[in-house]
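All of the numbers you see were taken from the coordinates with simple rules; none came from a lab. Keep in mind the model is a prediction, meaning the values are calculated, not measured. Every residue, glycine among them, receives a Cβ derived from its backbone with ideal geometry; neighbour counts consider all protein chains shown.
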Amino acid sequence: MSQRHRSGSVQQAAAPGERPLPEVLGADLEVPVKGGRLVSYANLDYAASAPCLAPVNDAVAAALPAYSSVHRGAGYASQLTTARYEQARQTVRGFVGARPGDAVVFTRNTTDATNLLSRCLPAGTTVVVFDSEHHASLLPWPQAVRLAPPAFPGAAVRAADEALAAIEGPKLLVVTAASNVTGELWPIAALAHIAHRHGARILVDAAQLVPHRRLNLTALDLDYVAFSGHKLYAPFGAGALVGRPDWLTDADPYLRGGGATRAVTAESAEWSDDAEQRHEAGTPNVLGAIALAAACDALTATGWLPLVREEERLLARLRAALAGIEGVRELSLWGPDHPRVGIVSFVVDGWTPREVAEALSAEYGIGVRDGKFCAHPLVTHLLDGVPGGCADGTAAAVRASIGLGTTTEHVDRLAAALRDLASRR
C-alpha cells in the first residue's frame, strides 16, 4: 500500500516498527494513452534512471540559496558550499563501506568513473573483463582479455582464475555486481579473492547494485567501486569512483585545469598529490554530489531490510506472472532461481521488443526499456537459440525494472498488458 504526499511523491507504507520507505517524486504523473484518456504512469524503467527521492530534492533545494564555488573562496557561501561538498564525499565513503584512506572521486556517472580509472592504470596493465558487462565496464580498457559469459557463477570464478594466472605484470579484474540486463547478482567476493591471489586488483561496477542492496567495499575486499547517482534516485549528473588512491595519484589528471594543480609556472605544472583534487579539475557538480549523498543518507536511514523485502515481493510477483503468460520468455544467464535485484528482461513471441515497448506506453501508460541495454554481447548471448532472437543480427529484448515507488498495481498492469499483447500474436 502507498500514500501520496507533497509534490506528487509517493510514500510506501512500512511494517509496524519500521521507517516508511522514502518518498519518490512524480508519482502523480499522468500520461496520454490511445483514445485520449489520461492514466497514471507506471514507471518500470528504474534500471535506466531512477526518479528523484523527496529527501534528495529537499537537500538540493536547501543548498541552492547559498550555492557558490568550492575550495578556493573565502566568502561565507563558498565556505558553506565547500563544507557541504566535502561532507557529501564523506557520506558516499560511508555508504559503500570504504577504507579510511580510500579516495572518493566525484564523476558524472559510472561510465565516467571507469574511463577515469582506465586513464590511471599503471603502464602495461592487462584488464580481464567478461563479455557480459555493460559497455561502461567493457570498453574503456586499452589492453583487455575478454572472457565469454560464464554458464554458472563458479565458471566465472574459474575463468577469471585461469585468465589472471596467465598474465604477467599489473592486472585488473572488472566485473559487475548486478547485471543491468537480468538483475542477477555476481559472486564479487569470490572474484575479489581470486584477483588478489594473483596479485591483481578488482573494479566492481555497482551501478545496479547500490540502489537495491547494501555494499561494503571493505568487507568484500574490493579495490574500486563505481556507481551513478541517476540510478540511485539522485538524477543530478553525479557518480563516484571509490577505492585505493595510489594508482590515482601516480597518474596524470583525468582533466587538466584549475583545482588539479599544486603549482603552475610558465614552463610547467605540478599536479596535486591528493587523488580527489587531482582528478576533479574545474568547478565540480556540487549539487550532484549533494544529491548523491542525500540519496545515500535516505536509503541508509530507512534500512536495507524493508527495502529488500518489498522489492523481492514485487519481483517475485512480476516473475511469476510472466512465467504464466504463453509466449513470454524471461532471459537469464544462470537460471530462474539465481538471486537477483529488481530487473527482468524478456521477449514476447510475435512482437519485436520495440513494438512491445511502444504498445505498453501507448495503450497502457507503462514505461519500460527495449533494446540491447548497452550490453550488446550479453543480450546477443542470451537470445542465442530463442525464436526470433539473433538470426538477423538485431538481438534485443524488453526490460522491466522496479524500485522505490513501484506498486503492486504497476506490476499487475504490466502482466495484464502482456497477456493482452501475447494473445494478439
Val264 versus Glu363: modelled label distance in nm, points set 7 Å from Cα along the beta carbon direction
5.9
With just the Cα atoms defining each centre, how far is the stretch 352-383 from the stretch 41-99? Give it in Å.
32
Positive end of the charge dipole of the chain (Lys, Arg +1 and Asp, Glu -1 on Cβ, about the Cα centre): tell me which of Leu248, Ala148, Val347 has its Cα farthest that way.
Val347
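What value, in deg cm²/dmol to 500, does the helix sum -39500 (n - 2.57) over DSSP H runs of n ≥ 4 give at 222 nm once divided by the residues of the chain?
Theoretical 222 nm ellipticity from helices: -11000 deg cm²/dmol.
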Within the chain: Cβ-based charge dipole about Cα centre, in debye rounded to nearest 20 (Lys, Arg +1; Asp, Glu -1):
500
List every residue whose amide H lies under 5 Å from the amide H of Leu255, counting only residues 5 or more places away in sequence or on a different chain, with H placed 1.01 Å from N in the peptide plane.
Ala281
Additional length obtainable on full extension of the chain from Ala301 to Glu86, 0.36 nm per residue less Cα span
75.4 nm
Note, the stretch 309-324: 3J(HN,Hα) by Karplus (6.51, -1.76, 1.60, θ = phi - 60°), whole Hz, Gly/Pro = x, goes 4, 5, 4, 5, 4, 5, 5, 4, 5, 5, 5, 5, 5, 4, 5, x
Test of understanding: ordering Ser332, Ser423 by Cβ neighbours within 10 Å, fewest first, what list do you get?
Ser423, Ser332
So how strong a dipole does the stretch 98-232 carry about its Cα centre when Lys and Arg Cβ are +1 and Asp and Glu Cβ are -1, to the nearest 20 debye?
240
Taking r as the C-beta separation of Arg99 and Asp131 and R0 as 25 Å, the FRET efficiency to the nearest 0.05 is 0.20
With unit charges on the beta carbon (Lys/Arg positive, Asp/Glu negative), name the residue among Val264, Leu383, His338 whose Cα is farthest towards the positive pole of the charge dipole of the chain.
His338
The chain: antiparallel bridges as % of DSSP beta bridges, rounded to 5, reads 65
For Gly36, what is the net charge nearby, where nearby means another residue's Cβ is under 15 Å from its Cβ and Lys, Arg count +1, Asp, Glu -1?
0
State whether the stretch 56-301 is rounded, prolate or oblate according to the following rule on the C-alpha gyration tensor (a ≥ b ≥ c being the square roots of its eigenvalues): a/c under 1.5 gives rounded; otherwise a/b larger than b/c gives prolate, and the remaining case gives oblate.
oblate
³J(HN,Hα), Karplus 6.51/-1.76/1.60, whole Hz, each residue of the stretch 256-273, x for Gly, Pro
9, x, x, x, 8, 9, 9, 7, 9, 10, 5, 9, 7, 9, 9, 8, 4, 7
The distance between the Cα centres of the stretch 307-329 and the stretch 133-184, in whole Å, is 28
Interchain or long-range residues, amide H under 5 Å from Thr107's placed H:
Gly239, Ala240, Leu241
For Arg158 and Arg313, what is the calculated FRET efficiency with R₀ set at 51 Å and r taken between the beta-carbons, to the nearest 0.05?
0.90
Computed ³J(HN,Hα) along the stretch 149-156: with the Karplus parameters 6.51/-1.76/1.60, θ = phi - 60°, integer Hz and x for glycine or proline, the list is x, x, 6, 7, x, x, 5, 5
Taking H placed 1.01 Å from N in the peptide plane, check which residues at least 5 places from Asp370 or on another chain put their amide H under 5 Å from its amide H.
Arg399
